[in-house]
1. Of the residues that make up the stretch 40-63, is at least one of a type in the set (Asp, Glu) and touching a Leu at 6+ places or on another chain (Cβ under 9 Å)?
2. Search the stretch 20-46 for residues that are at pLDDT 85 or above and pair each with any residue that is among the aromatic types (Phe, Trp, Tyr) when their beta-carbon atoms are under 7 Å apart and the residues are at least 6 apart or on different chains.
3. Is the stretch 39-61 home to any residue that is in a helix (DSSP H, G or I) and among the charged types (D, E, K, R)?
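The values are calculated or read from the model by the stated rules, or taken from the named source; none is laboratory data. Please read all numbers here as calculations on a predicted model, not as lab measurements. We place every Cβ from the backbone using ideal geometry, glycine too, and count neighbours over all the protein chains shown.
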Amino acid sequence: VTAHEAVEQFVASASPQNRCRTVFLMDGAGSTLFPLELIDKCIGSRCWIVMKSDKELVGTLRGFDDYVNMVLEDVIEYELTAEGRRSTKLDQILLNGNNICMLIPGSDGPENPPQPPAPPAPQE
């Protein structure tokens, strides 16, 4: 299981109550992949960022620091309001790491969430 697949499986199975937990992943060689290493592998790719508030963002990760403050480009910000979901396009944004709940690498966000893997075909 790749790190990306593990995150997709976690997201598919995560309940709203446990979405903010820290996740440590095991790579194929059995060594630990720490969160900052996973984020580093995401630089230059599209990411879906779920905030602690009612906001979610999708953008290209350009950089981050040890506090997980992030710079995203070509961003779409989704916000849940009483009228429904509102989206706003932004050229660039700096996110405060204290407000980030979850990062989903390689995802196009709430419009196209990652799908859980298909169950294996039954054996005859």
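1. Yes, because at least one residue in the stretch 40-63 is of a type in the set (Asp, Glu) and touching a Leu at 6+ places or on another chain (Cβ under 9 Å).
2. Final answer for the pair search is ILE39/PHE64.
3. Within the stretch 39-61, the first condition is being in a helix (DSSP H, G or I), and the residues that meet it are 39-41.
Still in the running and among the charged types (D, E, K, R): 40-41.
Within the stretch 39-61, one or more residues are in a helix (DSSP H, G or I) and among the charged types (D, E, K, R).
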